[in-house]
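Note sheet for the following structure.
The values are calculated or read from the model by the stated rules, or taken from the named source; none is laboratory data. Note that the structure is a prediction, hence the values are computed from the model and not measured. All Cβ positions, even for glycine, are placed from backbone atoms using ideal geometry, and neighbour counts span all protein chains on display. Areas reflect the complete protein model, heavy atoms only, side chains present, ligands, DNA and RNA absent. Shrake-Rupley method; radii C 1.70, N 1.55, O 1.52, S 1.80 Å.
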Amino acid sequence: MLIGITGGTGLIGSMLAIRLKAEGHRVRIFSRSGKLPPRLQRISEWDVRIGSLPTRADLEGVDVLINLAGEPIAGVRWTPEYKQRIRSSRVDFTRDLVARLISMGEFAPKTFFNSSAIGIYGSYDAGTPPFDEDSPAADDELGSLCKDWEEEALEAEKAGIRTILLRTGVVLTTEGGALATMLPAFKLFAGGPIGSGNQILSWIHIEDQLSAIMFLIRKEEAKGAFNLVSPEPLSNEQFSKALAKTLGRPSFTRVPSFALSLALGEGAIVATHGQRVVPKRLQELGYKFRYPNLESALRNLLG
């Protein structure tokens, strides 16, 4: 198949592109700048289309379109201007992209994946009951953002395009993201929980993230929302202890919540709050996790 990826130069997009190519698919990467990260530069002959929004000509022949575009949410300060960029890069971009797909009629991709996040269920200070795909969207800022984002994507489904919403949790990989950010402090004996440590972390190994997307591409009956998280969420404190144990380091240094709030403003909520999310629909469909528990995931990633 010919599979297009918007946001294909980002962490997950670029790793997915490599995986798709390895499995024999043709990959078309859509990029605003055309600048490829080193992991993609090591592989030649990428089909890269440059522009803020794919044209009809860019999309012709694409069987599956995977939209992973969006400004980073975690680890950045949420100024009013940046919050508008977050919303525009997700909600507005998805609206324009879906309008382009609908305008193509029978020549549009048959399947459309749209990135989303478990932030749709809200942000909480401590443990919560498990959220699955049937749980309602929260009323807070992240919940409203994800809900609006998904509603734009679902317009494609109304037009007869199989549409899948990827509600992703914290993706674990040493090549970027949360784990890569935490590793230096833990290796220097300065790692530990954030705030109370009670907030629940719903995570997924990068291998399962990519494999689940491949699984959903093949499952033609799959549509709607899927939580891309492991079946075993745990608290931030439990995660910190497991990471420290894997590295042979202690885990006693706490990062105060107020320090993150000073640095990131409202953006600190991504690290200081959490939610317990389970992959109900993915497992019902028959997906088997390669790394269902954190210990095996960290052993694989950290050797």
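Could you list, in sequence order, all residues of segment 208-244 that are of a type in the set (Val, Ile, Thr) and assigned to a helix (DSSP H, G or I)?
Passing the criteria: Ile213, Ile217.
Which number in (1) of a type outside the set (Gly, Ala, Ser); (2) open to solvent by less than 20 Å² (accessible area, probe 1.4 Å); (3) within 21 Å of Ala117 (Cα to Cα) marks the one condition that Val27 misses?
(3)
Is it the case that some residue within segment 159-171 is over 30 Å from Leu247 (Cβ atoms) and surrounded by fewer than 15 Cβ atoms within 10 Å (Cβ to Cβ)?
yes
With the structure loaded, tell me whether Asp132 is open to solvent by 30 Å² or more (accessible area, probe 1.4 Å), over 25 Å from Ile217 (Cβ atoms) and acidic (Asp, Glu) or whether it fails that test.
No: the conditions fail for Asp132.
Working only within segment 1-54, note down all residues that are assigned to a strand (DSSP E or B), of a type outside the set (Val, Ile, Thr) and touching a His at 6+ places or on another chain (Cβ under 6 Å).
Within segment 1-54, none qualify.
Residue under question is Gly70, and the condition is that it be open to solvent by less than 30 Å² (accessible area, probe 1.4 Å), in contact (Cβ under 8 Å) with a residue 12 or more places away in the chain and within 19 Å of the chain's Cα centre (by Cα); does it hold?
In short, no.
Is there a residue being closer than 26 Å to Glu284 by Cα and within 19 Å of the chain's Cα centre (by Cα) anywhere in segment 179-201?
yes
Name the pairs whose Cβ atoms lie under 8 Å apart, with the first residue in segment 154-171 and farther than 22 Å from Leu210 by Cβ, the second in a strand (DSSP E or B) and among the hydroxyl-bearing types (Ser, Thr, Tyr), and 6 or more positions between them or separate chains?
Close Cβ pairs (under 8 Å, with a partner that is in a strand (DSSP E or B) and among the hydroxyl-bearing types (Ser, Thr, Tyr)) amount to Leu154/Thr163; Ala156/Thr163; Glu157/Thr163; Ile161/Thr111.
Yes or no: Gly70 over 22 Å from Leu145 (Cα atoms) and part of a loop (DSSP other than H, G, I, E, B)?
no
So, in segment 100-121, of the ones that are in contact with a helix residue (DSSP H, G or I) (Cβ under 8 Å, 6 or more places away or on another chain) and aliphatic (A, V, I, L, M), which residue ends up most open to solvent (accessible area, probe 1.4 Å)?
Going through the qualifying residues, I end up with Ile102.
Table: residues versus (1) within 18 Å of the chain's Cα centre (by Cα); (2) closer than 27 Å to Asn198 by Cα; (3) in a strand (DSSP E or B); (4) not charged (D, E, K, R).
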| position | (1), (2), (3), (4) |
| --- | --- |
| Arg77 | no, yes, no, no |
| Phe113 | yes, no, yes, yes |
| Gly143 | yes, yes, no, yes |
| Glu150 | yes, no, no, no |
| Glu155 | no, no, no, no |
| Val171 | yes, yes, yes, yes |
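Would you pick out the residues in segment 1-19 that are over 16 Å from Phe215 (Cβ atoms), touching a residue at least 60 places away in the same chain (Cβ under 8 Å) and surrounded by fewer than 21 Cβ atoms within 10 Å (Cβ to Cβ)?
Leu2, Leu11
Taking segment 102-118 on its own, how many of its residues are more than 17 Å from Asp92 (Cα to Cα), touching a residue at least 60 places away in the same chain (Cβ under 8 Å) and among the small types (Gly, Ala, Ser)?
The number of residues fulfilling the criteria is 0.
May I ask you to list pairs of residues, at least six apart or on different chains, whose Cβ atoms are under 7 Å apart, with the first in segment 127-149 being without any contact (Cβ under 8 Å) to a residue 24 or more places away in the chain and within 15 Å of Val229 (Cβ to Cβ) and the second being open to solvent by less than 30 Å² (accessible area, probe 1.4 Å) and not aliphatic (A, V, I, L, M)?
Ser135/Tyr121
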